[in-house]
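Novice: The structure under discussion is supplied below as structure tokens; questions concerning it will follow.
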Number of protein chains: 2
Amino acid sequence: MTQLESAKNGIATPEMKAVASAEGIALDSLVSAIADGTAVIPFNPSHRSCSPVGVGRMMTTKVNANLGRSVTHSGKGDELEKLDVAVKAGADFVMDLSVGEDVKSIRQGMLDASAKPLGTVPVYETISRLKGDVPHMDPSLLLDVIREQAEQGVDFMTLHAGLLLRDIPRAMGRKMGIVSRGGSIMAEWMMENRAENPLYERWDEVMEILAKHDVTVSLGDGMRPGCLADASDAAQFSELDVLGELVERCRRRGVQVMVEGPGHVPFSQIQMNMEREQKVCAGAPFYVLGPVVTDIAPGYDHIVSSIGATAAATYGASLLCYVTPAEHLGLPDAKEVHEGVIAYRIAAHAGDVARGLPGARDRDDAMSDARTAFDWDRQFSLALDPAHARERWLRTRANADEAHSDDHCSMCGKEFCAVRTSRRIRELMSRMA
Amino acid sequence: MTQLESAKNGIATPEMKAVASAEGIALDSLVSAIADGTAVIPFNPSHRSCSPVGVGRMMTTKVNANLGRSVTHSGKGDELEKLDVAVKAGADFVMDLSVGEDVKSIRQGMLDASAKPLGTVPVYETISRLKGDVPHMDPSLLLDVIREQAEQGVDFMTLHAGLLLRDIPRAMGRKMGIVSRGGSIMAEWMMENRAENPLYERWDEVMEILAKHDVTVSLGDGMRPGCLADASDAAQFSELDVLGELVERCRRRGVQVMVEGPGHVPFSQIQMNMEREQKVCAGAPFYVLGPVVTDIAPGYDHIVSSIGATAAATYGASLLCYVTPAEHLGLPDAKEVHEGVIAYRIAAHAGDVARGLPGARDRDDAMSDARTAFDWDRQFSLALDPAHARERWLRTRANADEAHSDDHCSMCGKEFCAVRTSRRIRELMSRMA
């Protein structure tokens, strides 16, 4: 039985118990949420090293790190290093987006090494086997790859099943067309073969494979906008309607399902996008890439998109796919993976505080107490990136012209430290009282 | 006459003409906005090297970079280097927050070097002259310093005139008390001397000095929250009401005025804070620090606060004071100044797009066209930080295993480039049409 089937039968699995405990939520509520599809636990029993992680609005917002080699760059060793960096930085999920030679072996290495649930986009391996020959892809090969990856232990898969023929002309009228890699492959195949989306056509078969291995579907948004100008258009929302239909079919069949979302979206349209997905897809966990809120800052898209991701987490997303500083320029190196994960943990947490998730602000409050007490060790232990914060602080101390004690920082210096001054004011007040 | 007095008399000054031209807005509208106080041009005629910059919701959102030495760190040379970095990165305003010895000379150096309007917090120099002896500050000395700085050419000054005795007990009941450096100095003086805020008491005198030199007041928010727990509390909003009163008095006297705002604010409270300030202060340009939307990411507060700053710019701010990665840890170095300015230019621009400022998205659209065309040089020329984007892109190319042409990037590689695939789909469609 899948987690969803178990939950429908009122059975709390070991994975549900582990997730409820980790999140500090009631097990009954979690079982109900999984049963109605507003929460998922992407967890393939064949992924032996995996610890279950929950996704849904009743839990903390999660962060996914995309990894994987391109045809021309990186290899297995690099990707395993990046995996390690991503997990140490706090990624909750990882995806292996490798293309080219030997992707199965790279994936096996990541599955073996990762205690975090791992996702893939099976059409990448499919097309890699065909050396890029999209027009001649046999849909049965795509299903075979899905089956093989499910057997191998992949926990969740992005399937661009909602991108239909009717919407391709709409997308081609856009400024940037289709910018989803998987979406563009499906669309090219459909146009070359003058045939409907094979994943959509054979969705029942797909669901059988996924149900057997409890692979969670992540419904890909092939029509996600690639620039602000294309956001929230007919192509995007027409596909979203299909995704809503597929969510319903997954739930009926007992297959756990998430829905992927944009992309490039102006800050002012994010709330609407989140609310629309939650409505159209009946509360299915929304897995959002970015959103990127301006197109003009290549080299800083981790910042650009953590702005959008915070709004997304506030208004409806459950899982945030990070964007690294390398976005739009190249594959991220390990340092950029680290920076991307941290930026997204900031967004996820700021969103959790903003939406009032119980207990979310506790760590902020503890940090503020530590700041008031000039307890630097405690500040670093509470920091999202303790080593980085400590290193930066020590650098200031090392450069100090005079002995630098711990009861102030170099921003204002000891004589001008507002926290010290507040302390004196408090003492004055208590003497006057 | 100040810019405000001129505008009230229907006179368009050379500075107004320059600003209207730079912003691409109608001169008449700008003159009206300056007359009613919803726009300001901080421009002291004695700051000879200065070019005027406009602040207000009818114009693009502006970015300020805080500079200045602490008692123990940095010096004139360092700060001039940072000034250069800040301006080259695109800062619209700079503030010299130096304390300690020789601040007048440091400030003169910055005034001479800066084509951007320069602001100060005069109480810093005042207390520096007294070697930190806050209780014995003679209010007349503070007014003398304000006068001297006005004569020297300072374009705008932060004055913490709205922090009143009645609100200090409220602030001391907070988790972090008063975290505004200037605010804490004023409060300590008030408590030590059991006297009301001297700037508030002598506001008419202050305004005479400022009016004579057309120094724009930036009403300091001494009660700005220093952590999420303290946001939007009675101390903050009680001071805001006083700031609203002072705005009215400034406008009557012909003194240009902005209002400073928080600080540390949960993402969900930013819109409310912006709208409240705009209402209480009758549309006076809101000059916001951050806001910082979580307390737990020291070392990354430029990212944390650019999230808040985007929301602020969307909902009511006109000027964003940057926060650097060094915040809460030490004084920023030149690299961190650069990172802070870029993060804030992202926030300012994303906010301008979000609020639908006419023409704001044009540059994004041009970037998207350049991306579709694989025109890398054009992409870099449109980027907020061209050198950084180009450097990152070249690094990927240099590392490529095979010759790397310009018609794709290493993220997906040539065979899997969605933009290339979209191009093929378009060709298919045109053949079919």
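Novice: Just flag the trypsin sites (Lys or Arg not before Pro) in the stretch A:90-165 sitting in loop per DSSP whose Cβ has no more than 12 other Cβ atoms within 10 Å.
Specialist: Answer in residue order: A:LYS131.
Novice: Within 10 Å of each Cβ in A:219-227, how many Cβ atoms from other chains are there, averaged over the peptide?
Specialist: Rounded to a whole number, the mean comes out at 2.
Novice: Net charge within 12 Å of B:MET190 by Cβ-Cβ distance, Lys/Arg positive one each and Asp/Glu negative one each, not counting B:MET190 itself?
Specialist: Charge balance near B:MET190 sits at -3.
Novice: Alpha carbon centre of the stretch B:211-258 versus the stretch A:149-173: separation in Å?
Specialist: So the separation of the two Cα centres works out to 53 Å.
Novice: At a 10 angstrom cut-off on C-beta neighbours, averaged per residue, how do the peptides A:328-338, A:215-225, B:47-57 rank from highest to lowest?
Specialist: A:215-225, A:328-338, B:47-57
Novice: Please give the net charge around B:MET367, taking every other residue with its beta carbon less than 9 angstrom from that of B:MET367, where Lys and Arg add +1 and Asp and Glu add -1.
Specialist: For residues surrounding B:MET367, the net value is -1.
Novice: Highest first, please rank the peptides B:191-203, A:172-184, B:347-359 by the mean number of other Cβ atoms sitting within 10 Å of their residues.
Specialist: A:172-184, B:347-359, B:191-203
Novice: Which lysines does B:LYS175 reach when only Cα atoms under 27 Å apart count, and residues fewer than 8 places away in its own chain are ignored?
Specialist: Result set, ordered by chain and number: A:LYS414.
Novice: For the stretch A:362-432, what's the relative contact order in percent, using C-alpha pairs closer than 8 Å and at least 6 residues apart?
Specialist: For the stretch A:362-432, the relative contact order is 20 percent.
Novice: Amide H of B:CYS321 versus every other amide H placed in the peptide plane: which residues, excluding those fewer than 5 positions away on the same chain, fall under 5 Å?
Specialist: The answer is B:ASN64, B:VAL288, B:LEU289, B:GLY290.
Novice: Place the label 7 angstrom along Cα→C-beta at A:GLY77 and in each other copy, then list the distances from the first to the rest in nm, shortest first.
Specialist: A:GLY77 label point versus its equivalents elsewhere: 4.3 nm.
Novice: Applying the Karplus parametrisation 6.51 cos²θ - 1.76 cosθ + 1.60 with θ = phi - 60° to the phi angles of the stretch B:282-296, what ³J(HN,Hα) value in whole Hz is obtained for each residue in order, glycine and proline being reported as x?
Specialist: Couplings: 6, x, 4, x, 9, 10, 10, 9, x, x, 7, 9, 8, 8, 9 Hz.
Novice: Pull out a ≥ b ≥ c, the square roots of the eigenvalues of the alpha-carbon gyration tensor of chain A, then state rounded if a/c is under 1.5, prolate if not and a/b is larger than b/c, and oblate in the remaining case.
Specialist: prolate
Novice: Hey, another quick one. Specify which residue in the list B:ALA383, B:PHE93, B:CYS281 is farthest towards the positive end of the charge dipole of the protein assembly as shown, using unit charges on the beta carbon of Lys, Arg (+1) and Asp, Glu (-1), about the Cα centre.
Specialist: Positive-most Cα among the choices belongs to B:CYS281.
Novice: Carbon and sulfur: what percent of the protein assembly as shown's accessible surface (1.4 Å probe)?
Specialist: The computed percentage sits at 49.
Novice: Shielding of B:372-385 by partners, i.e. mean partner chain Cβ atoms within 10 Å per residue?
Specialist: Average neighbour count from other chains, rounded to a whole number: 3.
Novice: Pulled fully out, how much extra length does the chain show between A:ALA387 and A:GLU81, if you take 0.36 nm times their separation in residues and subtract their Cα-Cα distance?
Specialist: In short, 108.3 nm is gained.
Novice: Additional query: Could you work out, residue by residue across A:176-184, how many beta carbons of other chains sit within 10 Å of that residue's beta carbon, and then give the average as an integer?
Specialist: Taking all residues of A:176-184 together, the mean is 6.
Novice: Name the residue farthest towards the positive end of the dipole of the stretch A:362-432 from the options A:LEU428, A:ALA418, A:ALA373, assuming +1 on Cβ of Lys and Arg, -1 on Cβ of Asp and Glu, about the Cα centre.
Specialist: A:LEU428
Novice: Can you give the angle from 0 to 90° between the axis of helix A:27-36 and the longest principal axis of chain A, with both taken from C-alpha atoms, to the nearest 10?
Specialist: It works out to around 40 degrees.
Novice: Suppose we take every Cα in the stretch A:362-432 and form the convex hull; what volume per residue is that in Å³?
Specialist: 94
Novice: While we're here: List the residues of the stretch B:296-324 for which accessible area in the full set of protein chains is at least 30 Å² lower than for the chain on its own; 1.4 Å probe, protein heavy atoms only.
Specialist: Residues passing the criterion (a loss of at least 30 Å², heavy atoms only) are B:ILE296, B:PRO298, B:TYR300, B:ILE303, B:ILE307, B:THR310.
Novice: Here's a follow-up. Quickly estimate the mean residue ellipticity at 222 nm for chain A, helices only: each DSSP H run with n ≥ 4 gives -39500 (n - 2.57), and the total goes over all residues, rounded to 500.
Specialist: Value at 222 nm, helices only: -15500 deg cm²/dmol.
Novice: Placing the label point 7 Å from Cα along the Cα-to-Cβ direction, what are the distances from B:GLN108 to the equivalent spots in the other copies, shortest first, in nm to one decimal?
Specialist: 7.5
Novice: Please give the helix A:362-372 orientation as an angle from the longest Cα principal axis of chain A, in degrees from 0 to 90, rounded to the nearest 10.
Specialist: So the inclination is approximately 30 degrees.
Novice: Go through B:270-282, A:252-264 and give me the packing order, highest mean Cβ count within 10 Å leading.
Specialist: Ranked from most to least packed, the peptides come out as A:252-264, B:270-282.
Novice: Here's a follow-up. Tell me the total accessible area that B and A bury against each other, 1.4 angstrom probe, in square angstrom rounded to 100.
Specialist: For chain B against chain A, roughly 9700 Å² becomes buried.
Novice: Also, I was wondering about something else. Tell me the net charge near A:ARG424. Cut-off is 11 Å between Cβ atoms, A:ARG424 excluded, with +1 for each Lys or Arg and -1 for each Asp or Glu.
Specialist: +1
Novice: Over the protein assembly as shown, one equal point on each Cα, no solvent: what is log10 I(q)/I(0) by the Debye formula at q = 0.07, 0.08, 0.11 Å⁻¹?
Specialist: Result of the Debye calculation: -0.55, -0.71, -1.19.
Novice: Could I ask something else about it? Compute the helix-to-body angle for A:334-354: its Cα long axis versus the longest principal axis of chain A, expressed 0 to 90° and rounded to tens.
Specialist: Helix A:334-354 and the main axis of chain A meet at about 80 degrees.
Novice: Please list log₁₀ I(q)/I(0) at q = 0.18 Å⁻¹ for the stretch A:300-358, using the Debye equation with identical point scatterers on the alpha-carbon positions.
Specialist: For the stretch A:300-358 at q = 0.18 Å⁻¹, log10 I(q)/I(0) is -0.55.
Novice: By a straight-distance test (C-alpha under 26 Å), which lysines pair with A:LYS116 as possible cross-link partners, with residues fewer than eight away in the same chain excluded?
Specialist: A:LYS116 reaches A:LYS8, A:LYS17, A:LYS62, A:LYS76, A:LYS82, A:LYS88, A:LYS104, A:LYS212, A:LYS335.
Novice: Considering only protein heavy atoms, what per residue accessible area in square angstrom results for the protein assembly as shown with a 1.4 angstrom probe?
Specialist: 32
Novice: 5 Å is the cut-off here: which amide hydrogens, built 1.01 Å from N in the peptide plane, fall below it relative to A:ASP221, excluding neighbours closer than 5 in sequence?
Specialist: Amide H to amide H, under 5 Å and 5 or more residues apart or across chains, A:ASP221 pairs with A:GLU260.
The values are calculated or read from the model by the stated rules, or taken from the named source; none is laboratory data. What you are looking at is a predicted structure, and each value in this text was computed from that prediction instead of being measured. Every residue, glycine among them, receives a Cβ derived from its backbone with ideal geometry; neighbour counts consider all protein chains shown. Just so you know, the surface numbers come from the protein's heavy atoms only, side chains and all, with ligands and any DNA or RNA stripped out. Shrake-Rupley method; radii C 1.70, N 1.55, O 1.52, S 1.80 Å.
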